[in-house]
Each structure stands twice: as C-alpha cells, then as structure tokens.
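Here the structure comes first, spelled out in structure tokens, and everything after it is commentary.
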Amino acid sequence: MRNHEVDFNYFSQEDLLDSGCFDMQRIMDVVEQTLLAFEKGSIMFPEKIVQIFDPHTQERINCLPATMLDEKICGMKWVSVFPDNPRKYDLQNLCAIFVLSEIEHGFPVAVMDGTLASNMRVGAVGAVAAKYLAKKDAQTIGFIGAGEQAKMHLLAMKVARPSLKICRVSALSKAEEHEFIAQLSPVLPDMQFIPTKGDAKSAMEDADILVTATSAQAPLLKADWVKPGAFYSHVGGWEDEYAVVTQSDKIVCDDWKTVMHRTQTLSRMYKEGLLGSHDLHADLYELVAGDKPGRESEQERIYFNAVGLSYLDVAIALTMYRKARDAGVGKSLALQHKMIFEHPDIAKKIRL
Ligand SMILES: NC(=O)c1ccc[n+]([C@@H]2O[C@H](COP(=O)([O-])OP(=O)(O)OC[C@H]3O[C@@H](n4cnc5c(N)ncnc54)[C@H](O)[C@@H]3O)[C@@H](O)[C@H]2O)c1
C-alpha cells in the first residue's frame, strides 16, 4: 500500500539567516541566470493577483506565482505591502511568505519566510544593473530613503562596486539615518557614512551612484544633482523630477513592458506622452545576455528602474530553500499522515 504521508519543510527567516542564505553575490548570480532562463522560455510566469484594501494608502496583498520548469518547482510569493506601517505603527512595510511545490506529483516541499528573498531581490537587481551601468571606479553612493530597500541596495551595490567608500544618506527622520548607519557600518567597516539630516541635495549631489528608495510620491531627486557619469537606481514610485529622465543618456528597466503600466516616474511620463518605447535603451536581460551594451563612456548619465519580476523571487526562494535544507535547519511538518478516508476513525469525525 502506498504511503500517503505529505510533509514539507518550514523555514523561518532566522533559519535562512543561520544557514548562510544572506549571500548577496550568490543572489546576484541567481538574478542573472534567471533573467536568461526566462528569455529561453524555461519559466512559467502568469499574471499576479492583486487585492488592494485601501486605494488611498495602497495597502495590499498580492499573490505572485512562477514555475521553474528546469528545476520542476512551482512557487508562489504571498506578499503584503502596507506603506503606512513604519510611520504609524513602527512595523515593516512588507511581509512575504513562499510556498514551493514540486511538479512531479504536485506536493508542497517548503513553506518559508519570503521577506528576506524579496528584499534581497530588490537590492540584487539594482546591483546587477550597476554591474553593467555604473562607473567601474564608483566611490560615492547617495540615498534618499533609509528603509529596508535602501539597506539592501547599499549591500548589493558594494558587491557590484567594491570601490565604493563614501555613503551619504537622507531620510524623513534623523533617527532613520542613524539606524541605517548603525545597522550597516559593522558590515561595511571600510565605508564612510555621512548622515545629512534629511538634506537630499547633500546626499545626492556629485554621487557616482544614486538610489531613491522612498515611500514618497514626489519629485524628490532634482536633475541638477545628477552629475555626468552617474548611475541612478530608482526603486520606489514617483521619486524624481522628469528632467532626471530626460537628461539621461540611457534608460534601462528590469522590464519596460511592466514598468510602463505602473506608477513610477517613467510610467507617469509614458502615460502623459512624454516618453516612448523608443527612448528605452534596454531591458536588463539584454545587458546580461550581451545583446546590448552597458555603459559606453565615463560621461553617460544612466537611469535604471525596476518594478520587480516575481519569478526572480521564486528563483531566489528556491536557492534559499536548497541551502537551508542542506544545512539541516528548519522543521519538517506533516500536512497529512493519510488520505482522508484512510483514517481508521474517519466515520466518527464526519458531520453531515
Ligand atoms: N522596485 C521594486 O521592486 C520594489 C520592491 C519593494 C519595494 N519597493 C518600493 O520601495 C520603496 C521603499 O520601500 P521600503 O520597504 O524601503 O520602505 P520603508 O518604509 O522601509 O522606507 C521608506 C523610506 O522612505 C523615506 N521617505 C519617505 N518619504 C520621504 C521624503 N519625502 N523624503 C525623503 N525620504 C522619504 C523614509 O524616511 C524611509 O526611510 C517603496 O516605495 C516600496 O513600494 C520597490
């Protein structure tokens, strides 16, 4: 008789951290490989399902599935975004969980924290873009926003450009700038951190790499502050004035067809007829594949915008699952011991 036990591994965020999953170089490599795999057709990527509970705050929970056909793993990210959480409740904005199933029998193999994978993906994608688009000897990085995405971006950018040695940061509150520095300076002991007391101009002016990762919807970054040769990674919604886009020599997206329908600066300009597909230099995979050039001169200003491709999150979650499983962390949980009618006392448990 067949064994009808179904079990799966459960990994908390702490399990993932303890087993070495916070490995930014590894995740950047996964991003590059997965972008190419998608173009080869080896990933199923259906539409996401979005449920917005408050149109004003954009509080939402999204369901984002994808299948890695070569690895025979189907995964789903279930992610909440509650933008007011940090300000109102001192809670994180985003919380995610993954379910991974094998596709030979269709059974779950893992349920795991997804916030680590999701946030690492955002930083890793920005840094893969920087690998092709930032100046080789970039030394100074500036931030508007000092939240979770900004922190991941700094770590990832340092992997892409180890030459970075000065980090200037501006946020809504001084406390956030200091927390950013207190949390990241032990990881980056050779980095000089400069808080700016919310002065975005002094954080961004003359930086080689600029990052905006805010919950604002406003033209915070000014074109005048972006020097020739700078690389700009735009992470949040509307965060820069239109002239930042129009003065850029190259515009690159993670996926322009996705970006054009959202609410970022590029998307707004597209909807207002101020930007067209012909203005885009490339999607990120084209740089990774070598189909289009990255940076071609020391003087180019280059603009990068990623809105997030959740098949990358599923690929990252799969990498983390394997690492954590091999390290023997986490818990094995039983979903069922038998099929429903095999339970010897099932007759007593049925209510009609
Ligand atoms: N592109 C992607 O793939 C992706 C993925 C996840 C999140 N995001 C977006 O990234 C942004 C940041 O997310 P997070 O998780 O880091 O949020 P967070 O709440 O942790 O941090 C937001 C930061 O924005 C700063 N900020 C807000 N308004 C500001 C203003 N007017 N001037 C200066 N700083 C301001 C805050 O001080 C804070 O440091 C959000 O818009 C989020 O939706 C993008």
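Those residues that are part of a loop (DSSP other than H, G, I, E, B), open to solvent by less than 70 Å² (accessible area, probe 1.4 Å) and not acidic (Asp, Glu), I need them from region 76-107; list them, please. Spell out how you get there, then give the answer.
Within region 76-107, the first condition is being part of a loop (DSSP other than H, G, I, E, B), and the residues that meet it are 82-84, 90-93, 103-107.
Going one step further and asking which of them are open to solvent by less than 70 Å² (accessible area, probe 1.4 Å), we end up with 82-84, 93, 106.
Phe82, Pro83, Asn93, Gly106 - these are the residues of region 76-107 that are part of a loop (DSSP other than H, G, I, E, B), open to solvent by less than 70 Å² (accessible area, probe 1.4 Å) and not acidic (Asp, Glu).
In region 108-119, what residues are buried (at least 24 other Cβ atoms within 10 Å of the Cβ) and within 11 Å of the ligand (Cβ to nearest atom)?
Result: Ser118, single match.
In region 169-179, what count of residues is obtained for those that are crowded, with 23+ Cβ neighbours inside 10 Å and of a type outside the set (Gly, Ala, Ser)? Steps first, please.
The first filter runs over region 169-179 and keeps only residues crowded, with 23+ Cβ neighbours inside 10 Å, leaving 169-171, 177.
If we keep only those that are of a type outside the set (Gly, Ala, Ser) too, we end up with 169, 177.
Result for region 169-179: 2.
Residues of region 228-270 being touching a residue at least 60 places away in the same chain (Cβ under 8 Å) and either basic (Lys, Arg) or within 12 Å of the ligand (Cβ to nearest atom) (or both), which ones?
Narrowing region 228-270 to residues touching a residue at least 60 places away in the same chain (Cβ under 8 Å): 228-236, 239, 250, 252, 254.
Those that are touching a residue at least 60 places away in the same chain (Cβ under 8 Å) and either basic (Lys, Arg) or within 12 Å of the ligand (Cβ to nearest atom) (or both): Ser233, His234, Val235, Gly236, Glu239, Lys250, Asp254.
Is it the case that Lys165 is among the charged types (D, E, K, R), more than 11 Å from the ligand (Cβ to nearest atom) and over 30 Å from Tyr321 (Cβ atoms)?
Values: among the charged types (D, E, K, R): yes; more than 11 Å from the ligand (Cβ to nearest atom): yes; over 30 Å from Tyr321 (Cβ atoms): yes.
For Lys165, the condition - among the charged types (D, E, K, R), more than 11 Å from the ligand (Cβ to nearest atom) and over 30 Å from Tyr321 (Cβ atoms) - is met.
Go through region 300-343 and report how many residues are within 16 Å of the ligand (Cβ to nearest atom) and either over 30 Å from Lys250 (Cα atoms) or assigned to a strand (DSSP E or B) (or both). I'd like the intermediate steps shown before the answer.
If we filter region 300-343 for residues that are within 16 Å of the ligand (Cβ to nearest atom), which is where we start, we get 303-317.
Of the ones still in play, those that are also either over 30 Å from Lys250 (Cα atoms) or assigned to a strand (DSSP E or B) (or both) are 303-305, 317.
Total satisfying the criteria: 4.
Here are some conditions: (1) of a type outside the set (Lys, Arg); (2) buried (at least 24 other Cβ atoms within 10 Å of the Cβ); (3) on the phi > 0 side of the Ramachandran plot. Thr212 meets all but one. Which one does it not meet?
So Thr212 meets the others, but not (3).
Which one of Ala200, Ala207, Ala223 is over 21 Å from the mean Cα position of the chain (by Cα), open to solvent by less than 30 Å² (accessible area, probe 1.4 Å) and more than 16 Å from the ligand (Cβ to nearest atom)?
On the way: Ala200 fails: more than 16 Å from the ligand (Cβ to nearest atom); Ala207 fails: more than 16 Å from the ligand (Cβ to nearest atom).
Step by step, each of Ala200, Ala207, Ala223 is checked, and only Ala223 is over 21 Å from the mean Cα position of the chain (by Cα), open to solvent by less than 30 Å² (accessible area, probe 1.4 Å) and more than 16 Å from the ligand (Cβ to nearest atom).
The values are calculated or read from the model by the stated rules, or taken from the named source; none is laboratory data. Given the structure is predicted, the values throughout are model-derived calculations rather than measurements. Cβ coordinates were reconstructed from backbone atoms using ideal geometry, including for glycine residues, and neighbour counts include every protein chain displayed. Surface accessibility is based on the protein's heavy atoms, side chains included, excluding ligands, DNA and RNA. Shrake-Rupley method; radii C 1.70, N 1.55, O 1.52, S 1.80 Å.
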